[in-house]
Each structure stands twice: as structure tokens, then as C-alpha cells.
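Here's the structure we're looking at; comments come further down.
The values are calculated or read from the model by the stated rules, or taken from the named source; none is laboratory data. None of these values were measured; they are calculated from a predicted model. Heads up, the Cβs are rebuilt from the backbone with ideal geometry, glycines too, and the neighbour counts pull from every protein chain shown.
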Amino acid sequence: MVSVFDPTTVGGVQLRNRVVVPGHTTNFAEHNRPTARHAAYLGERARGGAGLIITEAVRVHPTSAGRHLSLGSFDDSSIDAFAEVAGAVQQHGARIFAQIMHAGRQANGEATRTAAWSASALPWSPSADVPHAMSDADIAVVVDSFGRAARRMALAGFDGLEVHAGHGHLIQQFLSPATNHRGDAYGGDAERRLRFAREVLQQVRTEAPGLPIGLRVSADEFLDGGLRPDDVIGIVDTLAREVDLAYVHVSHSAYHASYSLSTQMADMSFPHAPFRHHAAAFRSALPGLPVIAVCRLDSLAEADELIAAGEADLVALARPHIADPHLVRKAQAGLPARSCLACNQGCIARVEKSLPITCVVNPEVGVEKQWDAVWRSVEGSRANRVLVVGGGPAGMQAAVSARRAGDRVTLVEAGDRLGGQVASAGSMQHRERLTRLVDDLRAELAQAEVTVLLDTRLGADEVLAGGWDHVVIATGSRPRRADFGGDLPVWTSLEACDRVAAGQAGVRADDLAGRRIVVWDDDGDWTSASLVEGLALLGAEVHVVSPTPSLHARITTYSKLALTPRLRDLGVRAHLMRTLRGTDAGEVVLTDTLSGDEHVLVDVHAVVDLGRPSADDRLHRELAERGARNLHVVGDANSPRTALEAVFEGRVAGAFLGATDTAEASAVIGGY
């Protein structure tokens with residue numbers, strides 16, 4: 001039986017296995033050129049064992065650049081920088097293809113002051129600029145630009161090319177009847193909508209005749225009037241016969257402000273491999289054309305299911321390779337890999353903010369060289385006695401990192417379990433993968449032989465009496481319980497979470513059914529979203545009240561476009577730009593912050609306060625006041641934020657304990 005570890009060939013290029021790192025935006029570029037960060041990042045994934053690595057999209061024309069953090073190849077001066085990236089991958093035995101693309105209408109021109117180009121003058125979202133409908137001359141320029149970029153990638157030493165005709169980018173905008181409303185030779189019927197893609201591929205073949213060409217497509221746009229799988233199979237069949245494609249990389253979605261976009265980066269609310277049927281349909285319909293499957297293939301073992309079932313020839317794992325670059329090497333050695341949470345928090349959420357990607361479970365993303373130097377310097381070099389107080393993600397990670405440096409570490413946790421608030425959040429439906437962070441860190445603690453003491457609460461006296469060389473305070477945060485007035489019960493976020501978890505477990509399952517619950521949310525993050533959905537799933541009538549003008553504003557658009565329809569189907573009501581006060585009659589008065597108009601909710605069972613928590617830094621403050629030295633505070637005890645910051649701060653604290661200054665630590669932090 002064929003497996004992911006078996007070698008294969010695509011377009012004449014021999015691959016050591018069938019594992020692909022697909023193109024994904026990193027925001028590591030400078031002035032649209034690849035940097036040393038790209039080379040180190042992709043080189044590490046090649047060193048980790050992947051067979052084929054595909055670069056993130058290389059924009060072929062300045063109208064697609066959007067911002068300087070995106071990759072582009074607009075003239076020959078970019079060749080040397082791309083050659084560095086190709087060499088960094090190839091030296092570790094992997095092959096590398098360059099993905100070339102024009103984003104079309106979603107190329108944000110605010111930074112470059114350029115108009116977005118598209119097949120027709122249709123914006124991708126209600127708030128987006130209306131794109132310029134391309135003329136024949138514009139089309140000729142872009143077709144030529146694809147060819148020139150392909151030639152440069154050949155000169156840079158890449159093993160192949162991938163033309164991106166999916167994800168709602170420019171080629172797909174011409175292919176789709178939902179976005180191509182032209183009446184000329186490039187629109188109107190399916191054959192004319194195909195013309196632009198055909199010309200691009202032919203030009204790429206002409207300019208880079210020695211390189212195999214793969215094609216990335218969206219099997220389903222999930223749009224009314226858009227492309228469906230049968231349409232796209234027909235398109236690929238035609239193009240493959242004309243251009244001799246090396247493979248088809250079967251993704252899905254359109255870049256459109258609707259549910260479609262959320263499928264592109266399917267988060268943990270989606271099941272494992274939710275779109276595997278698309279790859280299977282292409283492989284069945286197009287025998288002889290290798291098929292790459294992609295999206296929410298969370299582990300190699302799960303991805304191997306598709307190879308074994310004959311649904312794909314290769315499998316692409318992006319976020320799992322962000323979480324652990326040595327995914328393949330560890331699997332071959334029978335070692336566990338870090339689990340991708342499919343949380344979208346460190347990857348696409350940061351891309352959306354024009355920040356470089358990182359990862360909740362892997363803070364070393366994008367600064368691989370810096371961290372490699374750190375570990376080479378400190379690994380096994382110390383022998384401090386270290387106490388870590390608090391067993392949430394920050395404390396667990398600090399303990400693991402300090403132990404890696406050679407310290408003798410004891411971790412104490414006041415509760416009866418590790419994981420802190422992340423463990424509680426993981427009990428919510430559609431957020432279960434969060435528990436993998438806790439499970440992985442717990443396993444690392446055991447492997448490192450860290451002493452872990454549960455149900456152990458230490459005060460300042462006990463800590464000072466221990467004679468520790470270093471003390472890491474990771475005591476987390478305290479949820480808020482505001483006084484809204486009146487006689488209504490107010491639940492904290494943790495109390496509400498406990499009630500939802502109990503209901504999901506069948507304990508007091510009817511306690512919330514039919515109850516009217518008001519959720520006060522002035523934060524707009526996943527704490528609110530998870531609890532609102534959890535309460536509604538148990539039958540509560542949930543009203544979200546927020547002083548902000550948007551619902552769950554701190555959640556990435558890629559996840560929110562899937563969340564919002566679920567809340568709508570559950571009957572959740574949102575009251576935005578409202579303040580809240582209770583009355584002695586068990587009512588809640590909502591006041592419009594703009595007009596001052598009031599609306600009364602009656603028969604309210606409880607108010608859930610999801611306001612910002614406060615740092616539980618009491619132990620740290622007392623120790624500092626009593627003259628304790630070598631204190632380090634991390635995670636929510638430092639400042640209440642998210643697991644992303646908690647794990648990062650734990651990693652840095654554990655690695656740099658005992659440093660005489662923070663210059664090295666600052667250099668690592670500055671890498672972000």
C-alpha cells in the first residue's frame with residue numbers, strides 16, 4: 001500500500017516523499033523581496049523532512065503587491081534573493097516550486113496607492129474598493145508579467161512552478177461567472193472566461209520551458225453563481241491537455257466576504273479533512289494527473305488516510321508545518337510532533353494585521369536562526385534550582401525551556417490540573433483542539449522530568465524558604481465580575497464556562513434551556529464567542545451586549561465568517577453600541593451609546609461579565625517587595641492576553657534565566 005513516506009515524481013522531478021508544504025503567506029518580505037527569514041523558515045521545513053515545498057505567492061506585477069511584506073518578482077534584480085531561498089531548501093534534500101500569482105481585486109492598494117485590477121468592477125467585500133476592470137492592454141501586461149516572473153524563477157534555480165488559479169485570485173476572477181461579467185473575448189461563456197488562464201499558462205511555458213508547471217485551483221467557490229467542482233474539473237482537464245500540467249493542487253473557496261473565505265483557512269470548528277472529497281473527485285475524473293490534497297490535514301497519520309484511500313497522490317500540510325517544522329522527520333522516527341490547534345491565531349490572524357506570522361505552539365516561527373543560536377548557547381549548560389508557580393501554558397512552557405537549558409525545575413499548580421484557562425476553553429464545543437496544547441506541554445514536562453506538584457498553593461513565605469535560584473511567576477489572571485446594579489446574578493467567564501461544560505456533559509443539562517442570558521462583552525475575543533455559542537447550544541436565549549460597533553472584533557475574519565452563521569442559526573441576538581445596567585426587577589436596560597434610546601430585556605436569568613480580566617500578580621508583588629531576586633513574571637500574570645503571548649513569554653523566560661542582561665532575549669523578541 002502506498003504511504004506518505006513513499007517517493008514519487010511530479011513533472012519529472014523526483015520527490016523523496018509525498019508530503020508537501022504548500023504556499024502560505026508569511027509577511028517576511030521586505031520591499032516585496034524574499035529575506036533571510038524566508039530562507040531559514042523554509043529551509044527548516046526542508047530539514048524537517050518534507051518532500052516538496054511550494055513558496056508563498058510570488059506576485060508577478062506591482063498591481064498585485066498590496067504591501068511591501070508580500071513577495072513579488074517585478075524585475076531581474078529579485079533573482080538573487082529568490083536563489084537564496086531555493087538553495088536553502090534544496091541543500092536539505094527537498095524540492096522547491098515557486099508559486100506565481102496575481103491577487104486581482106483583493107490586492108489592497110492603500111500602501112502602494114494603486115488600484116486593484118480584476119476581470120470586472122466588482123469589489124470582494126462591501127467595504128473594499130471597486131477594482132479597475134482590466135482592458136485588453138492590461139491583460140497583455142499581466143500575461144507577460146507571469147511569463148517574466150516564471151523565467152526569473154527558472155534562473156533562480158527553482159525545481160518547478162505552481163500557477164495559482166484558485167482562492168479567488170485574478171485567474172479565478174476571470175474563470176468564474178460570479179466575478180467575470182465581461183462581454184468581450186475574455187468573458188461571457190465558459191470558453192471565453194478560460195482564455196486568460198490559457199494565455200497565462202502558455203506564456204509561462206514559453207518563458208520557462210524547462211520547468212514543470214503545477215496548477216492550484218479552487219474546486220468549489222461556495223458562492224451563488226460561482227464555480228462548482230464539475231466546472232473546475234472541466235477547466236483543469238482542458239488546460240492539462242494543452243499545457244502538460246505536472247499536477248493539480250486542489251483547494252477551494254473564493255476570496256469573498258462570506259462563508260467561502262472561512263473555508264480557505266478552516267479553523268478548529270471544522271472537522272478533520274472537511275474537503276477531502278474535492279481531491280478525490282479530481283483524481284477520479286483526471287486519471288494520470290497527480291493530485292495534491294490540502295486543508296485541515298492536521299497530522300501525517302490523518303493525511304495518509306487520503307493516500308491509502310487513493311483520493312490523492314500527495315498531501316499538503318501548511319499549518320501543521322508551521323506548528324512543527326520537523327513533522328516528517330519525527331513521524332519517521334516514531335516521535336510525537338507538536339499539534340497544530342487550527343486556531344488561526346498566530347498565522348492568518350497576524351497576516352490580516354500585516355504582521356509576520358508566528359504560532360501559538362511554536363514561538364520560533366520566523367526567527368529560526370536566532371532561536372537556533374540561543375539553544376546552541378544554553379542547552380544543557382545550566383544547573384539552577386528553578387521554581388515555576390502556575391501550571392497554565394506560560395508556566396508549563398517556562399518549565400520545559402528551563403529544563404532544556406539544564407536547570408532542575410519544580411512546577412507547582414494550585415489547582416488539580418494543568419492548563420489553566422486554556423484547559424477550560426478547550427471544554428467548549430468547537431474549541432476542543434485547544435486541549436492539544438495542554439496535552440503536548442504535559443507530555444514535554446514528563447519527558448523532561450520536571451517535578452510537577454498539583455493542589456499546591458505557595459505563599460511568599462514558602463517561596464522564600466525554598467532557596468530557589470530563580471522563580472517564575474505564572475499565576476495567570478482573575479476574571480472580572482462587575483456590579484451592573486439591580487438584583488441580577490452576575491457570572492464571571494470561568495463560572496459561565498463551568499456551567500456550559502457541565503451542560504455539555506449532561507450535568508444540569510436543562511439548567512440553561514430556555515433561559516435568557518445576557519453576555520456583556522467589551523473585549524470581542526474567543527472567550528466571548530466560545531461562551532456565547534456554548535450557552536446557545538444548550539438552549540439558552542443569548543443576548544450579546546457590547547459597547548463596540550462590531551461583534552467579536554478581535555477574531556480574525558477568516559474564522560468569524562464561519563462563526564457568525566453558526567450564531568445566527570442558534571438565534572443569538574447582538575446589541576452593539578449599547579451599555580448595560582440592571583434593575584431590581586430582574587431586567588436589563590440597554591442604552592444606545594449614540595442616540596441614548598433605551599431598550600429593556602425582561603426575565604433575564606443572569607448576566608455574564610466578559611470584560612477584560614486583571615493580572616493575578618499578587619505573589620510577584622509581595623516577593624518583590626520583600627527583596628526577592630531573580631523573579632520572572634510571564635503570561636497573564638504579566639498582562640492578561642492570550643495563549644500566543646503566554647507560550648512565547650514562557651519560552652523566552654525559561655531560555656534566558658540567569659542572563660546578566662536581556663540583550664539576547666531582546667534580539668529574539670525583536671525578530672518578530
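Some points to look at:
- Some residue of region 83-96 being over 15 Å from Leu155 (Cα atoms) and of a type in the set (D, E, K, R): yes
- Region 314-330: number of residues that are part of a loop (DSSP other than H, G, I, E, B) and touching a Lys or Arg at 6+ places or on another chain (Cβ under 7 Å): 2
- Taking each residue of region 338-366 that is over 16 Å from Asp439 (Cα atoms) and modelled with pLDDT of 95 or more and looking for partners that are acidic (Asp, Glu) and crowded, with 21+ Cβ neighbours inside 10 Å with beta-carbon atoms closer than 6 Å, six or more apart or interchain, yields Asn344/Asp267.
- Considering residues of region 63-91 that are assigned to a loop (DSSP other than H, G, I, E, B) and among the hydrophobic types (A, V, I, L, M, F, W, C) only, the residue nearest to Ser118 (Cα to Cα): Ala65
- Residue check, Gly627 under 28 Å from Gly391 (Cβ atoms) and not acidic (Asp, Glu): yes
- Residue within region 383-390 that is more than 17 Å from Asn638 (Cβ to Cβ) and under 24 Å from the mean Cα position of the chain (by Cα) present: no
- In summary, strands (runs of 3 or more DSSP E) completely within region 518-582 and bearing 3 or more residues that are out of contact with any His (no Cβ under 9 Å at 6 or more places or on another chain) occur at 578-582.
- Residues of region 195-211 that turn out to be hydrophobic (A, V, I, L, M, F, W, C) and either over 36 Å from the mean Cα position of the chain (by Cα) or surrounded by fewer than 19 Cβ atoms within 10 Å (Cβ to Cβ) (or both), as a count: 0
- Of the strands (runs of 3 or more DSSP E) lying entirely inside region 591-644, the ones with 2 or more residues being closer than 26 Å to Val360 by Cα are found at 631-633.
- Only listed residue being modelled with pLDDT under 95, surrounded by fewer than 20 Cβ atoms within 10 Å (Cβ to Cβ) and not basic (Lys, Arg), chosen from His92, His68: His68
- Asp230 meets the stated requirement of being in a helix (DSSP H, G or I), free of Cβ contacts under 8 Å to residues at least 12 places away in the same chain, farther than 17 Å from Asp136 by Cα and in the same structural domain as Ala281 (by TED's automatic domain parsing).
Condition check ((1) in the same structural domain as Trp124 (by TED's automatic domain parsing); (2) under 19 Å from Arg350 (Cβ atoms); (3) of a type in the set (Asp, Glu); (4) without any contact (Cβ under 8 Å) to a residue 60 or more places away in the chain) across all residues:
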position	(1), (2), (3), (4)
Ser546	no, no, no, yes
Leu551	no, no, no, yes
Tyr558	no, yes, no, no
Leu567	no, no, no, yes
Arg573	no, no, no, yes
Gly582	no, no, no, no
Gly586	no, no, no, no
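- Selection within region 301-353 - closer than 25 Å to Thr642 by Cβ and of a type in the set (Val, Ile, Thr): Ile322, Ile348, Val351
- Restricting attention to region 595-624, the residues being among the basic types (Lys, Arg) and under 17 Å from Gly390 (Cα atoms) number 2.
- Every condition in (1) buried (at least 19 other Cβ atoms within 10 Å of the Cβ); (2) part of a loop (DSSP other than H, G, I, E, B) is met by Thr263 except one, and the failing one is (2).
- Filter result for the condition that a residue is touching a Gly at 6+ places or on another chain (Cβ under 9 Å) and assigned by TED's automatic domain parsing to the domain that holds Ile54, over Glu110, Glu84: Glu110
- Qualifying residues in region 319-345 (those that are charged (D, E, K, R) and under 18 Å from His92 (Cα atoms)) - the one surrounded by the most Cβ atoms within 10 Å (Cβ to Cβ): Asp324
Residues are listed down the side, and each one gets a yes or a no for (1) closer than 17 Å to Arg198 by Cα; (2) within 28 Å of the chain's Cα centre (by Cα):
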| residue | (1), (2) |
| --- | --- |
| Pro126 | no, yes |
| Val141 | yes, no |
| Met153 | no, yes |
| Gly160 | no, yes |
| Gln172 | yes, yes |
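- Of all residue pairs spaced 6 or more apart or on separate chains, none has beta-carbon atoms under 6 Å together with a first member in region 289-311 that is not assigned by TED's automatic domain parsing to the domain that holds Leu335 and a second member that is part of a helix (DSSP H, G or I).
- For Arg350, the test of being touching a helix residue (DSSP H, G or I) at 6+ places or on another chain (Cβ under 6 Å), farther than 20 Å from Glu44 by Cα and of a type in the set (D, E, K, R) is failed.
Yes/no per residue for (1) in contact with a Gly (Cβ under 9 Å, 6 or more places away or on another chain); (2) assigned to a helix (DSSP H, G or I); (3) under 18 Å from Asp159 (Cα atoms):
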{"site": "Arg198", "(1), (2), (3)": "no, yes, no"}
{"site": "Val204", "(1), (2), (3)": "yes, yes, yes"}
{"site": "His249", "(1), (2), (3)": "yes, no, yes"}
{"site": "Tyr255", "(1), (2), (3)": "yes, no, no"}
